[in-house]
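Okay, so here's the structure we're looking at.
The values are calculated or read from the model by the stated rules, or taken from the named source; none is laboratory data. This is a predicted model, so every value here is computed, not measured. We place every Cβ from the backbone using ideal geometry, glycine too, and count neighbours over all the protein chains shown. All accessible areas refer to the heavy atoms of the entire protein, side chains included, with ligands and DNA or RNA removed. Shrake-Rupley method; radii C 1.70, N 1.55, O 1.52, S 1.80 Å.
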Amino acid sequence: QVQLVESGGGLVQAGGSLRLSCAASGSIFNIDPMDWYRQAPGKQRELVAALTAGGSTHYVDSVKGRFTISRDNAKNTVYLQMNSLKPEDTAVYYCHLGVLVSGGYYYDDLWGRGTQVTVSS
């Protein structure tokens, strides 16, 4: 059993910063990939940032240069550093992981419960 706990969301003024965390717990052998998605009211969920075990990253164009995805393997945690936040970044942010547990089972579609990010103008 793998559980994901997200934290770090909140209310911030435009131009501010937040750091989201997603910690995975359980008998984890490896995590790949690590993604952050977001869903704004009335919009479809979109992939914001992705990080593979090999270190490759992908960002949606709207956050390039402002957001950074990173990982701490020792803590089984993925982060999303968000700088220069804009009102259009307001959304619920979800982590999405693929997790290989001890024993060889691979959970390919694990989602966090989401954390609200609100950016005021």
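Residues whose amide H lies under 5 Å from that of Arg71, counting only those 5 or more places away or on a different chain, are Tyr79; hydrogens are built 1.01 Å from N in the peptide plane. Rounded to the nearest whole Å², what accessible area per residue is found for the chain with the 1.4 Å probe? Spelled out: the 1.4 Å probe surface of the chain, per residue, equals 53 Å². What the phi angles of the stretch 39-51 give under the Karplus curve with 6.51, -1.76 and 1.60, with θ = phi - 60°, is a coupling list of 9, 8, x, x, 10, 6, 5, 10, 6, 9, 8, 9, 9 Hz, glycine and proline written as x. Among Ala74, Ala49, Ala91, the largest mean-square fluctuation in a Gaussian network model of the chain (Cα springs under 10 Å) belongs to Ala74.
Using a Gaussian network model of the chain whose springs link C-alpha atoms within less than 10 Å, name the residue from Asp108, Asp35, Asp72 with the highest mean-square fluctuation. In this elastic network of the chain, the residue with the biggest mean-square fluctuation among Asp108, Asp35, Asp72 is Asp72.
For the stretch 106-115, backbone phi angles converted through the Karplus equation (6.51, -1.76, 1.60; θ = phi - 60°) give residue-by-residue couplings of 10, 8, 9, 8, 9, 10, x, 7, x, 9 Hz, Gly and Pro being listed as x. In whole Å, what is the distance between the alpha-carbon centres of the stretch 98-114 and the stretch 1-19? A separation of 21 Å, based on Cα centres.
With a 1.4 Å probe and every protein chain kept in, tell me what percent of the accessible surface of the stretch 2-109 is carbon plus sulfur. Can you show the working numbers first?
Values: 2620 of 5540 Å².
Solvent-exposed carbon and sulfur of the stretch 2-109 make up 47 percent of the total.
Given just the C-alpha atoms of the stretch 66-121, how large is their convex hull per residue in cubic angstrom?
90
Result for the chain in a Gaussian network model with C-alpha springs under 10 Å: among Gly103, Gly16, Gly42, the largest mean-square fluctuation is at Gly42.
With charges set only on the Cβ (+1 for Lys and Arg, -1 for Asp and Glu), what does the dipole of the stretch 1-86 come to about its Cα centre, in debye to the nearest 20? It would help to have the intermediate numbers written out before the result.
Details: 9 positive and 6 negative charges, 53 e Å.
Once rounded to the nearest 20, the dipole reads 260 debye.
Of the chymotrypsin sites (Phe, Trp or Tyr not before Pro) in the stretch 30-109, the ones in a loop by DSSP (not H, G, I, E or B) with at most 13 other beta carbons within 10 Å are Tyr105. Shown in residue order for the stretch 6-12 are the 3J(HN,Hα) couplings computed by the Karplus curve 6.51 cos²θ - 1.76 cosθ + 1.60 at θ = phi - 60°: 9, 7, x, x, x, 9, 9 Hz (x for Gly and Pro).
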